[in-house]
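Asks: Mind having a look at this structure? Questions to follow.
Read-outs: derived from the displayed coordinates by stated rules, not from any lab. It should be emphasised that the depicted structure is a prediction, and the values quoted were computed from it without experimental measurement. Positions of Cβ are backbone-derived with ideal geometry, glycine not excepted, and every protein chain shown enters the neighbour counts.
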2 protein chains.
Amino acid sequence: MTDSKNIADAYIALWNDADADSRRARLSAGWSADARYADPLMRGEGHDGIAAMIAGARAQFPGHGFALAGTPDSHGPFVRFSWTLAPASGAAVAAGTDVVRLDGAGRIAEVIGFLDGAPQ
Amino acid sequence: MTDSKNIADAYIALWNDADADSRRARLSAGWSADARYADPLMRGEGHDGIAAMIAGARAQFPGHGFALAGTPDSHGPFVRFSWTLAPASGAAVAAGTDVVRLDGAGRIAEVIGFLDGAPQ
C-alpha cells in the first residue's frame with residue numbers, strides 16, 4: 001500500500017510541477033520510455049508525447065492544482081487512485097480515477113483515466 | 001454509451017450464467033482468445049483459464065448474483081463499470097469496479113478489476 005501511495009503521490013506531483021524541465025525529469029525517472037496515457041479528453045505516448053499533453057492540460061487550468069482523493073489501492077502491477085482538480089482557493093472543477101499499470105521496474109507503463117465528475 | 005452498457009451487461013450475464021457450457025460460449029463470442037483478467041483476489045488467462053476462474057468464484061458464492069451498479073462509461077477501447085454481488089434476497093456482500101479493454105473486434109481483451117468494498 002505504501003508503494004501505491006508513492007506512485008500516486010509522484011503522479012500528482014508530476015502534474016502539479018510548474019517547471020517543464022522538471023516534469024521531463026520526473027517522466028524519465030518514473031515512466032517507461034514507451035508509456036501510454038489515455039483518458040476521455042486527451043492521450044499521449046512516450047515521454048515527449050506525455051510531456052506535451054501535460055503542458056497543454058496545465059495551460060487550460062492556470063492556477064489550478066491536482067490533489068489525491070481517498071486512498072490508492074493496488075494489486076499485481078496495477079494501482080488505482082482518485083484525484084480532484086481545484087483552484088488555489090475554491091471548489092474542485094474536476095475529479096477522476098486513474099488506473100496505472102507498472103512495468104517490471106516499477107515505472108508507469110500505462111495510465112487509463114476516467115472522469116468522475118464533469119467540469120463545472 | 002450504449003455499447004459500453006452492452007459490454008457491461010454481457011459481462012455481468014457471463015458471471016451470472018449457471019451453465020458452464022453457456023459460459024464457455026459467451027467467452028468464445030465476446031472475449032479475445034488470449035484475454036486476461038486480474039483483480040485483487042484472482043486472475044485468469046484465455047477462455048479456458050477465465051472459465052475455470054469464474055467457475056471457482058461462483059462455487060464460493062452459491063445463490064449469489066452480480067448486478068450492474070450505476071452507469072458504465074467509456075473512451076476509446078476502454079469501458080468502466082461498477083457491480084455488486086448479493087444473495088437472492090439480502091444486502092450486497094461485495095462491490096467492485098472493473099476496467100475493460102476491448103480488442104479491435106469489440107471483444108474483451110483485458111479486465112482490470114478492483115474491489116470497492118470488502119466482503120462481509
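Asks: Given (1) touching a residue at least 40 places away in the same chain (Cβ under 8 Å); (2) assigned to a strand (DSSP E or B); (3) touching a Gly at 6+ places or on another chain (Cβ under 8 Å), where does residue B:54 come up short, assuming only one miss?
Replies: Answer for residue B:54: the failing condition is (2).
Asks: Something else now. What residue, of B:44, B:70, is over 23 Å from residue B:20 (Cα atoms), within 14 Å of another protein chain (Cβ to nearest Cβ) and not polar (S, T, N, Q)?
Replies: The unique qualifying residue is B:70.
Asks: Go through B:51, B:105 for me and flag whichever is over 26 Å from residue A:81 (Cβ atoms), touching a Ser or Thr at 6+ places or on another chain (Cβ under 9 Å) and among the aliphatic types (A, V, I, L, M).
Replies: None of the others qualify; the one that does is B:105.
Asks: Test of understanding: among A:35, A:95, A:86, which residue is in contact with a Gly (Cβ under 6 Å, 6 or more places away or on another chain), assigned to a strand (DSSP E or B), among the aliphatic types (A, V, I, L, M) and closer than 30 Å to residue B:82 by Cα?
Replies: A:95
Asks: Related question: Of a type in the set (A, V, I, L, M, F, W, C) and more than 11 Å from chain A (Cβ to nearest Cβ): is that true of residue B:38 in this structure?
Replies: No.
Asks: Looking at (1) in contact with a His (Cβ under 9 Å, 6 or more places away or on another chain); (2) of a type in the set (Gly, Ala, Ser); (3) within 14 Å of chain A (Cβ to nearest Cβ), which is the one condition that is false for residue B:86?
Replies: (3)
Asks: Tell me, yes or no, whether the range B:57-64 has at least one residue that is surrounded by 15 or more Cβ atoms within 10 Å (Cβ to Cβ) and within 14 Å of another protein chain (Cβ to nearest Cβ).
Replies: Checked against the condition, which is being surrounded by 15 or more Cβ atoms within 10 Å (Cβ to Cβ) and within 14 Å of another protein chain (Cβ to nearest Cβ), the range B:57-64 yields no hits at all.
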